[in-house]
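Student: If you scroll down you'll find the structure; I have some questions about it.
Where a number appears in this text, it was derived from the coordinates with a stated rule and is not lab data. Everything quoted here is computed from the prediction, not taken from an experiment. Ideal geometry is used to build each Cβ from the backbone, glycine not excepted, and the neighbour counts take in all protein chains shown.
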Amino acid sequence: MKRNQSAEDYLESILLLSRENEFVHRVEVARKIGVSQPAVQKAIKLLQSAGYVECDGLHIYLTLNGEKYASEIYERHCIIRDFLKLNGVNAVDADADACEFEHAVSAATFEMMKNFVKNKKP
């Protein structure tokens, strides 16, 4: 699957929800992302066809590939957020900006940010 901001947002949300609860439901994903349940249904079908999620009718589960990809996306988010905070951006803006940047930043720029954060954290 080609990098797609919408798909990545869904995967990241499903990952975070699965860390909070045993089961993830479409309504929770819709609330977290701020979209309608039919939009979630459509996205889930695409993620299923890409092999990133499975559904049993009520619950959404990340596949091994889906969990790996979602974890990579979330790591990018956390590193970028921390990079911004270490450079003086307030926590709210840093988190919001990281949501956007995580999809667009190049691998080289991300590695620079990752090294910067790693070297600045105690």
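Student: Cut-off under 13 Å on the C-alpha distance; same-chain residues fewer than 8 positions from LYS68 excluded. Which aspartates and glutamates are left, in chain and number order?
Tutor: GLU8, GLU12
Student: Next up: HN-Hα J couplings of segment 68-84 from phi, Karplus 6.51/-1.76/1.60, θ = phi - 60°, integer Hz, Gly and Pro as x?
Tutor: 4, 5, 4, 5, 5, 4, 5, 4, 4, 4, 5, 5, 5, 4, 5, 4, 5
Student: Taking only C-alpha pairs under 8 Å that are 6+ residues apart, what is the relative contact order of the chain in percent?
Tutor: 23 percent
Student: So, one more: So which chymotrypsin sites (Phe, Trp or Tyr not before Pro) in segment 1-100 pass both tests, a DSSP loop state and at most 14 other Cβ atoms within 10 Å of the Cβ?
Tutor: Passing both the DSSP loop test and the Cβ count: PHE23.
Student: Please give every one of the lysines within straight-line cross-link reach of LYS121, meaning a C-alpha to C-alpha distance under 18 Å, and leave out same-chain neighbours fewer than 8 residues apart.
Tutor: Result set, ordered by chain and number: LYS85.
Student: Here's another thing I want to ask about it. Express in % the proportion of alpha carbon pairs of segment 52-108 at distances exceeding 13 Å.
Tutor: Taking all Cα-Cα pairs of segment 52-108, the fraction more than 13 Å apart is 64 percent.
Student: Further question: Between THR63 and GLU22, what is 0.36 nm times their sequence separation minus the Cα-Cα distance? Round to one decimal in nm.
Tutor: This chain segment gains 13.3 nm when fully extended.
Student: D for segment 16-56, whole µm²/s, Stokes-Einstein with Kirkwood Rh over alpha-carbon pairs at 25 °C and 0.890 mPa s: what number?
Tutor: 231 µm²/s
Student: In 10 Å bins starting at 0, how do the alpha-carbon pair distances of the chain split up by percent?
Tutor: 13, 42, 30, 13, 1
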